[in-house]
Structures are given as structure tokens and as C-alpha cells.
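Enquirer: Got a structure for you, written out below as C-alpha cells; questions coming shortly.
The values are calculated or read from the model by the stated rules, or taken from the named source; none is laboratory data. Predicted, not measured: the structure shown is a model, and the values here were computed from it. Cβ atoms come from the backbone with ideal geometry, glycine included; neighbour counts cover every protein chain shown. The accessibility values were calculated without ligands, DNA or RNA, using every heavy atom of the protein model including side chains. Shrake-Rupley method; radii C 1.70, N 1.55, O 1.52, S 1.80 Å.
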Amino acid sequence: QVQLVESGGGLVQAGGSLRLSCVASVGTFGSKAMGWFRRAPGKERDFVATIDSWSGGITYYADSVKGRFTISRDNAKNTVYLQMNNLKPEDTAVYYCAAGPLTAKKAYSYDYWGQGTQVTVSS
């Protein structure tokens with residue numbers, strides 16, 4: 001059983017930064033692609049970013065966050081990060097990390113999900 005625990009959310013003013021962390025309780029963390037998704041109030045869950053397994057040399061981002069967000073991983077710590085800079089009010093959402101076999105933009109490609117962490121950006 002894989003458990004994912006996100007942290008690092010909070011309230012920040014527009015233009016500010018936050019770094020989200022997701023710790024996975026799995027012995028083969030390095031073998032899993034990791035993704036970040038978000039759900040804004042009243043909206044569907046949207047893809048944010050993904051990083052491939054092991055080296056993390058392949059990453060993909062949603063157009064809305066390109067150039068502002070960076071996904072990275074530390075396999076020694078079983079952790080994936082999402083550095084979020086120049087935050088905007090429209091980034092307000094619950095952010096979820098996910099683990100799966102493929103570097104994918106679709107939520108159904110992921111097998112395991114965290115409980116989410118709230119990010120609120122004030123204008």
C-alpha cells in the first residue's frame with residue numbers, strides 16, 4: 001500500500017511563492033512517475049506537472065503554470081516537490097500529488113493519490 005502525504009500549502013499574496021512537498025511511503029519510490037494535480041472550487045481536477053521515474057529528467061507542465069512552477073524529486077527522501085513562484089489568484093486550489101507507472105497528464109494514469117493540501121492566493 002502506497003501512501004502519499006502532501007504539505008507546504010497555505011495562504012500567500014499574489015506574486016509570492018510556495019513549495020509543496022509530497023512524501024511517499026513506498027520502497028520503490030524511484031521507479032514511480034510522480035504528478036501534481038489541482039482542483040479549484042467548483043471545477044474539475046486539472047493536471048499541473050509531472051516528472052518521470054528515477055532521474056526525473058523528463059518533466060511536463062500545464063500551459064497555465066509553465067515558467068512559474070517547477071517539479072523535482074529527491075529519491076533518497078522519497079519526496080517530490082512543486083516549487084510555485086509568481087502565484088496568481090487563479091492558482092487557488094487543493095493540490096494533490098499522485099504516483100503511477102507513467103509520466104502522464106491524465107489523472108487515470110496514476111494509481112495512488114495524496115489527501116491534498118490547500119493553496120490560497122490572495123489578490
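Enquirer: SER53 fails exactly one of the following numbered conditions: (1) in contact with a helix residue (DSSP H, G or I) (Cβ under 6 Å, 6 or more places away or on another chain); (2) touching a residue at least 60 places away in the same chain (Cβ under 8 Å); (3) of a type outside the set (Lys, Arg). What is the number of that condition?
Expert: Of the numbered conditions (1) in contact with a helix residue (DSSP H, G or I) (Cβ under 6 Å, 6 or more places away or on another chain); (2) touching a residue at least 60 places away in the same chain (Cβ under 8 Å); (3) of a type outside the set (Lys, Arg), the odd one out for SER53 is (2).
Enquirer: Considering (1) open to solvent by less than 80 Å² (accessible area, probe 1.4 Å); (2) under 28 Å from LEU11 (Cα atoms), say which one GLY56 fails and leave the rest.
Expert: (2)
Enquirer: Can you find a residue in the stretch 47-61 that is in contact with a Ser or Thr (Cβ under 6 Å, 6 or more places away or on another chain) and of a type in the set (Asp, Glu)?
Expert: yes
Enquirer: Moving on to the next point. Kindly indicate the residue of the stretch 5-50 that is aliphatic (A, V, I, L, M) and within 16 Å of PHE69 (Cα to Cα) and also most open to solvent (accessible area, probe 1.4 Å) among those meeting that condition. Working first, answer last.
Expert: Filtering the stretch 5-50 down to residues aliphatic (A, V, I, L, M) leaves 5, 11-12, 14, 18, 20, 23-24, 26, 33-34, 40, 48-49.
When the remaining residues are screened for being within 16 Å of PHE69 (Cα to Cα), the result is 12, 14, 18, 20, 34, 48-49.
Values: VAL12: 23, ALA14: 54, LEU18: 31, LEU20: 0, MET34: 1, VAL48: 0, ALA49: 0 Å².
Looking at residues that are aliphatic (A, V, I, L, M) and within 16 Å of PHE69 (Cα to Cα), I get ALA14.
Enquirer: From the list LYS105, LYS88, exactly one residue is over 26 Å from GLY15 (Cβ atoms), charged (D, E, K, R) and in contact (Cβ under 8 Å) with a residue 40 or more places away in the chain. Which is it?
Expert: LYS105
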